[in-house]
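Here, each number is a calculation from the coordinates, and none is a lab measurement. Fair warning: this is a prediction, and the values are worked out from it, not measured in the lab. No Cβ is skipped: glycine too gets one built from the backbone with ideal geometry, and neighbour counts run over all protein chains shown.
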Amino acid sequence: MTKDEWKELVKGICNQKILPKLRKIHRKYHPFEIYERFPFGDRRIYKSSRTIRFIEENFDDDDDLTKIFNTEYLGNTLDNLRWGIENSNRLVLKTGISDVIEEFFEEIVDGMEISDIPNVDFDALREAGSQDPKSEILVSMIRTKKIKMKLRYNSNLNESEMRYSLHESEKIVVRKKEQLEHCDKDNPPTKKKIFKGLGGICRGAILTGVDIGLLAGLWPVPLSPDTTTVGAVASITTGVGDIMIAIGELRGE
C-alpha cells in the first residue's frame, strides 16, 4: 500500500467510523465544559506530567520521594493524573472510538510516520514537560507498531487487550494512591512503588485527549484536512499504544 493509499484508508476510517461517534462528545459535555477542556484540556494532567517526568529523571527506583515532595503533593499529582485518564477514557473508550482503532489497528500502524503527527501534539507534550517531543513520540510510535501481534493473539482476557489496558489505567492510579496513603517513614514512597509505569500512561492520555478534541473540531484555528483526520488518528493510536505498553510492563510482560 502506498502512502497516498494509506492516507485515503485512514480518512475513510475516520469519516465513516470515528466522526459519527464524536457526536457523543457534544451530547455529553456542556458547552462551557468543552471550552474549559479544549484545546489542551484541563491543565491538571500537564502539571502531573511535569512532576512525573522530574521524578523519572532525578530519582532512583528505591529513593524516598518525600526527601523532595510531601505526601500531599504526591497525592495531588496522582489525583490530577487520574482525572486526565478518566477524561481521556471518556473521550476514546466510552464513545466507542477505541473499538474502531482496535478494528483497524494493524492497518493504521503499518503506515503511520512521525511526519503524520500534528504539531499540536508536540506543543502539548512540550507543555507537559518534554524537552524533545518529536523524538519522544517517534519512540512511542515505533513501540506501538511492535505490539500489533500481541493485540491480535492475546486471548487470556475477558475483554480485548486494548479495552483492558484503558480500563486498567484508571484502576492502577487508584491503587497507587492507596499505596501512597499507607506509606510512612518506615515504609517511604519510592519511585518504583508509586510512579513506575505512570509516565507512559500519562503521555498516552494526553495524546488521545488532544487529538479527540482535534477530530471534534474544537480547536480555535483552522487546520488542514490531513491534520484533522490522518494525523489525529495516528496520534490517538500512538497514545493508546503508549497506555497498552505501560500496562503490559506493569504486568511484567
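In straight Cα distance, which aspartates and glutamates are under 13 Å from residue 67, not counting same-chain residues fewer than 8 positions off? Cross-link targets: 184. The distance between label points at residue 163 and residue 186 comes to 4.5 nm (points 7 Å beyond Cα on the Cα→Cβ vector). Neighbour counts of C-beta atoms inside 10 Å place 251, 143, 82 in the sequence 251, 143, 82, starting with the fewest. Here the range 42-59 and the range 80-126 have alpha carbon centers that stand 20 Å from each other.
Residue separation of residue 249 and residue 50 scaled by 0.36 nm, minus their Cα-Cα distance, works out to 69.5 nm of gained length. Were the residues from residue 132 through residue 3 laid out at 0.36 nm apart, the gain over their Cα-Cα distance would be 43.8 nm. Of all aspartates and glutamates in the structure, those lying under 13 Å Cα to Cα from residue 94, and not within fewer than 8 positions of it along the same chain, are 86. Over 29 Å apart at the Cα level, from the set 21/192; 11/146; 11/177; 47/171; 17/176; 11/47, are 21/192; 11/177; 17/176; 11/47.
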